[in-house]
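The values are calculated or read from the model by the stated rules, or taken from the named source; none is laboratory data. Treat the numbers as computed from the prediction; the structure is a model and nothing was measured. Glycine also receives a Cβ, built like all others from the backbone with ideal geometry; neighbour counts cover every protein chain displayed. Just so you know, the surface numbers come from the protein's heavy atoms only, side chains and all, with ligands and any DNA or RNA stripped out. Shrake-Rupley method; radii C 1.70, N 1.55, O 1.52, S 1.80 Å.
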Amino acid sequence: MLIHFPIALLMVGFLAEVVSLFTVRPFFRQAAIGLLVIGVCGAIAAYITGNIAGDGIESGPLKAPMELHEQAALVTMLLGIATALFKGGMIYLKMERVWTKVIGLLLYLALVAGVARTGFLGGQLVFSHGAGVHLALPDFSNPTIED
């Protein structure tokens, strides 16, 4: 949940951001910034716990894909923080002009692309490399013969 909630929050937040450009209702703009802030807080927690989980993998076949995923996560987290600060600054300073909205949307789009890339690399770690997968093999020490 710690990984998947920020992904969902940021994706839905971006969708709300896009919808807010085409409507005068403040709900979508407020939802977009709220989902962004909560999603970024979750992404920070996911990054920290991911680093803890990845500690100890300093060699072997998982080293390179783990480092790639970690780098993507760091870039995504920093982009999320920058996007939240920019959007928050826009609202606080009441600088919601066309150019600031475009920059905010582009930052949010880059953030969503970063989330997608980081998620893809994380999926590869699990499904292609077997990271975090525990094999449950049958107990062969007690064979039974059935007629």
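Excluding ligands, DNA and RNA, the accessible surface per residue across the chain is 67 Å² with a 1.4 Å probe.
Expressed as an acute angle from 0 to 90° and rounded to the nearest 10, what is the orientation of the C-alpha long axis of helix 4-20 relative to the principal long axis of the chain? The angle comes out near 30 degrees. In plain terms, the chain from I48 to R97 could stretch by 14.1 nm, reckoned as 0.36 nm per residue minus the Cα-Cα distance.
Principal-axis analysis of the Cα atoms of the chain puts helix 98-127 at an angle of about 0° to the longest axis.
Among the protein heavy atoms of the range 1-123, carbon and sulfur supply 76% of the accessible surface, probe 1.4 Å, non-protein parts ignored. As a rough guide to protection, the peptides 88-95, 105-112 ranked by mean Cβ packing within 10 Å, highest first, stand as 105-112, 88-95.
What separates the Cα centres of the range 74-131 and the range 1-16 is a distance of 11 Å. Relative to the longest principal axis of the Cα atoms of the chain, the long axis of helix 26-54 lies at roughly 30 degrees.
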